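S.K.: Please read through the structure below; I'll follow up with questions.
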Amino acid sequence: MRTERSSFTRAVFLGIAGALLAACATPRGTGDLGLVVERASGSVEVIDTTHRVSLGQVHGLGDLSHASVVYSRDARYAYVFGRDGGLTKVDLLRARIVRRIIQSGNSIGGAISQDGRLIAVSNYTPGGVKVFDAGTLRLVADIPATYDADYRRSKVVGLTDAPGMRFVFTLYDAGEIWVADMKNPAQPKITRFHNVGKLPYDGTVTPDGRYYIAGLFGEDGLVLIDLWHLEAGARRILDGYGRGSQPLPVYKMPHIDNWASAGDYAFVPAVGHHEVLAIDQHTWKEAAHIPVHGQPVFVVARPDGRQVWVNFAFPDNDTVQIIDTQTFKVIRTLQPGKAVLHMEFTPRGEACWVSVRDADRVDVYDTETFQLLATLPADKPSGIFLTSRAQRIGL
């Protein structure tokens, strides 16, 4: 019976989607579109956030077990980074693959340059960053992440774009952060920061484009680089935020690539603790430890900065908590179901889309009332990426 209901629901959605796609025969914008990654089937769903429906699937994207997406400046094309080293360019309006290449053995994320002309991919195997022409996916630069006298290569993580035609990324094994100036793609200019800490991983750029902050998986602390003043070097912040407490086993690496910047504060997950850290962005000092339901994975701010939504690692991954950024208090706890993997806000923040992998669905919540607005079937959904990301620094 459940299978019949699921088939009927999908048929209804596909019927609506067919009508909407037929309407797309005339020109339409992409500002309310996005992709939902279906990790088990190597496909993505093209979604419409105005009507809260799926417009169709795109298949053949390979291993999407840790996939991420960035968009072209005009939000027409999505660039999907697969775990198998695949880089796929998807046309949102036609719901089809434009081009797909396998550029490495194992990759984890990427970024698009300030001018929209370059796509960079961070690679585990072989360790380094490859940079491609956004139009053709032709390789234009290869930056190996070598770090010692034996020229060993480090895994690269935390890749993001920054103003000044730069990409910034961490060398996980080497304890380094590199800034690559890509004004001349044929000859990247690399600035290296050594000994930044143990196992630097995810990184992000503040909304104003000035600061790059990376988490340290191997110790309590974060690393900050002022992109206006690279000569100042890497600065440690929040050293010892665990206050000597015994960290818990880490079941899933937390992410600060989608950290929450809200007003004067930044909100980031505490590695190995059931806490979200609030950081004063003027002093870069700890403002509060906020107790939460489990070990946070994603900490995401509503676009107006009034709320922060948090999901959690196993075994608490059936829960989402909402923090009020004025009081630093949890104001609501939701339980969508097992394996909540990602959350994404619509551009104006009136709704939050939540992927519930083990229930094969995506839920849409009203961010004022916390009521469930819609549910869409999806095949083991993970990441949700809306085209509003095309205008953000550090996607």
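The values are calculated or read from the model by the stated rules, or taken from the named source; none is laboratory data. Here the structure is a predicted model, which means the values were calculated and not measured. Heads up, the Cβs are rebuilt from the backbone with ideal geometry, glycines too, and the neighbour counts pull from every protein chain shown.
S.K.: Considering only segment 18-40, state which residues are of a type in the set (A, V, I, L, M, F, W, C) and either at pLDDT 90 or above or under 17 Å from the mean Cα position of the chain (by Cα) (or both). First the steps, then the outcome.
M.R.: Start the filter on segment 18-40 by keeping residues that are of a type in the set (A, V, I, L, M, F, W, C), which leaves 19-25, 33, 35-37, 40.
Matches in segment 18-40: Leu33, Leu35, Val36, Val37, Ala40.
S.K.: With the requirement that a residue be at pLDDT below 95 and either out of contact with any Asp or Glu (no Cβ under 9 Å at 6 or more places or on another chain) or of a type in the set (Asp, Glu) (or both), what does segment 127-158 give you?
M.R.: Asp148, Ala149, Asp150, Tyr151
S.K.: From the residues in segment 235-285 that are surrounded by 16 or more Cβ atoms within 10 Å (Cβ to Cβ) and of a type in the set (D, E, K, R), which one is modelled with the highest pLDDT?
M.R.: Glu275
S.K.: State which residue is farthest from Asp226 (Cα to Cα) when the search covers only segment 163-205 and only residues that are at pLDDT below 95 and part of a loop (DSSP other than H, G, I, E, B).
M.R.: Quick first cut of segment 163-205, residues at pLDDT below 95 only: 186, 197-205.
Next cut, part of a loop (DSSP other than H, G, I, E, B) only: 186, 197-199.
Values: Ala186: 26, Gly197: 17, Lys198: 20, Leu199: 20 Å.
Across segment 163-205, the extreme among qualifying residues is Ala186.
S.K.: From the list Thr88, Thr50, which residue is hydroxyl-bearing (Ser, Thr, Tyr), within 21 Å of Thr387 (Cα to Cα) and in a loop (DSSP other than H, G, I, E, B)?
M.R.: Thr50
S.K.: Only one of (1) under 22 Å from Glu350 (Cα atoms); (2) of a type in the set (Asp, Glu); (3) surrounded by fewer than 19 Cβ atoms within 10 Å (Cβ to Cβ) fails for Asp63. Which number is that?
M.R.: Of (1) under 22 Å from Glu350 (Cα atoms); (2) of a type in the set (Asp, Glu); (3) surrounded by fewer than 19 Cβ atoms within 10 Å (Cβ to Cβ), only one is false for Asp63: (1).
S.K.: Can you tell me which residues in segment 203-212 are hydroxyl-bearing (Ser, Thr, Tyr), touching a Gly at 6+ places or on another chain (Cβ under 9 Å) and surrounded by 19 or more Cβ atoms within 10 Å (Cβ to Cβ)? Steps first, please.
M.R.: First, the residues of segment 203-212 that are hydroxyl-bearing (Ser, Thr, Tyr): 204, 206, 211-212.
With touching a Gly at 6+ places or on another chain (Cβ under 9 Å) added as a condition, the list becomes 204, 206, 212.
Passing the criteria: Thr204, Tyr212.
S.K.: Consider only pairs whose beta carbons are under 6 Å apart and that are at least six residues apart or on different chains; among these, list those whose first residue lies in segment 99-123 and is closer than 16 Å to Val168 by Cα and whose second residue is crowded, with 20+ Cβ neighbours inside 10 Å and charged (D, E, K, R).
M.R.: Between residues of segment 99-123 that are closer than 16 Å to Val168 by Cα and residues that are crowded, with 20+ Cβ neighbours inside 10 Å and charged (D, E, K, R), the close pairs are Ala111/Asp161; Ser113/Asp161; Val121/Lys130.
S.K.: How do the strands (runs of 3 or more DSSP E) wholly within segment 282-395 filter down when requiring 3 or more residues that are touching a residue at least 60 places away in the same chain (Cβ under 8 Å): which remain? Don't jump to the end; show me each part of the working.
M.R.: Details: elements: 285-291, 296-301, 307-312, 320-324, 329-334, 340-345, 351-356, 361-366, 372-377, 381-386.
In segment 282-395, the matching strands (runs of 3 or more DSSP E) lie at 351-356, 372-377, 381-386.
S.K.: Of Asp208, Asp142, which residue is closer than 19 Å to Trp284 by Cβ, out of contact with any Phe, Trp or Tyr (no Cβ under 7 Å at 6 or more places or on another chain) and acidic (Asp, Glu)? Write out each step before concluding.
M.R.: Details: Asp142 fails: closer than 19 Å to Trp284 by Cβ.
Just a single option satisfies the conditions, and that option is Asp208.
S.K.: Output yes when any residue across segment 371-390 is touching a Pro at 6+ places or on another chain (Cβ under 8 Å) and either crowded, with 23+ Cβ neighbours inside 10 Å or at pLDDT 95 or above (or both), and no when none is.
M.R.: To start, the set of residues in segment 371-390 that are touching a Pro at 6+ places or on another chain (Cβ under 8 Å) comprises 386, 388.
Retained after the next criterion (residues that are either crowded, with 23+ Cβ neighbours inside 10 Å or at pLDDT 95 or above (or both)): 386.
Yes; the residues of segment 371-390 include at least one that is touching a Pro at 6+ places or on another chain (Cβ under 8 Å) and either crowded, with 23+ Cβ neighbours inside 10 Å or at pLDDT 95 or above (or both).
S.K.: Let me ask something else. Given (1) surrounded by 18 or more Cβ atoms within 10 Å (Cβ to Cβ); (2) touching a residue at least 40 places away in the same chain (Cβ under 8 Å); (3) farther than 19 Å from Val129 by Cβ, where does Tyr79 come up short, assuming only one miss?
M.R.: (3)
S.K.: If I ask for residues that are surrounded by fewer than 20 Cβ atoms within 10 Å (Cβ to Cβ) and among the charged types (D, E, K, R), which ones from segment 333-357 would you list?
M.R.: Lys338, Arg348, Glu350
S.K.: Say we look at segment 123-141 and pick out the residues that are more than 23 Å from the chain's Cα centre (by Cα) and in a strand (DSSP E or B); which of these is nearest to Gly82 (Cα to Cα)? Give the steps one after another, and end with the answer.
M.R.: Here is the first cut: in segment 123-141, the residues more than 23 Å from the chain's Cα centre (by Cα) are 136, 138-141.
Subset that is in a strand (DSSP E or B): 139-141.
On the way: Leu139: 17, Val140: 20, Ala141: 19 Å.
If we take residues in segment 123-141 being more than 23 Å from the chain's Cα centre (by Cα) and in a strand (DSSP E or B), then Leu139 is nearest to Gly82 (Cα to Cα).
S.K.: Continuing with the same structure: Could you check segment 26-78 and list, in sequence order, the residues that are more than 28 Å from Gln103 (Cα to Cα) and among the charged types (D, E, K, R)?
M.R.: Listed by number, the residues that qualify are Arg28, Asp32, Asp48, Arg52.
S.K.: Can you name every residue in segment 348-387 that is closer than 16 Å to Val36 by Cα and out of contact with any strand residue (DSSP E or B) (no Cβ under 8 Å at 6 or more places or on another chain)?
M.R.: Those that are closer than 16 Å to Val36 by Cα and out of contact with any strand residue (DSSP E or B) (no Cβ under 8 Å at 6 or more places or on another chain): Asp358, Ala359.
S.K.: Of the residues Gly105, Gly215, which is over 30 Å from His282 (Cβ atoms) and either within 22 Å of the chain's Cα centre (by Cα) or surrounded by fewer than 21 Cβ atoms within 10 Å (Cβ to Cβ) (or both)? Break it down into steps so the answer makes sense when it comes.
M.R.: Numbers: Gly215 fails: over 30 Å from His282 (Cβ atoms).
On inspection, the qualifying residue turns out to be Gly105.
S.K.: Sort out which residues of segment 180-190 are touching a Lys or Arg at 6+ places or on another chain (Cβ under 9 Å) and over 13 Å from Val156 (Cβ atoms), and write them in order of number. Give the derivation first.
M.R.: As a first pass, look at segment 180-190 and keep what is touching a Lys or Arg at 6+ places or on another chain (Cβ under 9 Å): 180-183, 185, 189.
Within segment 180-190, Asp181, Met182, Lys183, Pro185, Lys189 meet the criteria.
S.K.: Do we find a residue being crowded, with 20+ Cβ neighbours inside 10 Å, among the hydrophobic types (A, V, I, L, M, F, W, C) and at pLDDT 95 or above anywhere in segment 82-91? Steps first, please.
M.R.: Going through segment 82-91, the residues crowded, with 20+ Cβ neighbours inside 10 Å turn out to be 82, 85-90.
Next cut, among the hydrophobic types (A, V, I, L, M, F, W, C) only: 87, 90.
Then drop every residue that is not at pLDDT 95 or above, which leaves 87, 90.
Checked segment 82-91: at least one residue is crowded, with 20+ Cβ neighbours inside 10 Å, among the hydrophobic types (A, V, I, L, M, F, W, C) and at pLDDT 95 or above.
S.K.: On to the next question. Looking at this structure, is Ile102 modelled with pLDDT under 95 and of a type in the set (A, V, I, L, M, F, W, C)?
M.R.: Working: modelled with pLDDT under 95: no; of a type in the set (A, V, I, L, M, F, W, C): yes.
It is false that Ile102 is modelled with pLDDT under 95 and of a type in the set (A, V, I, L, M, F, W, C).
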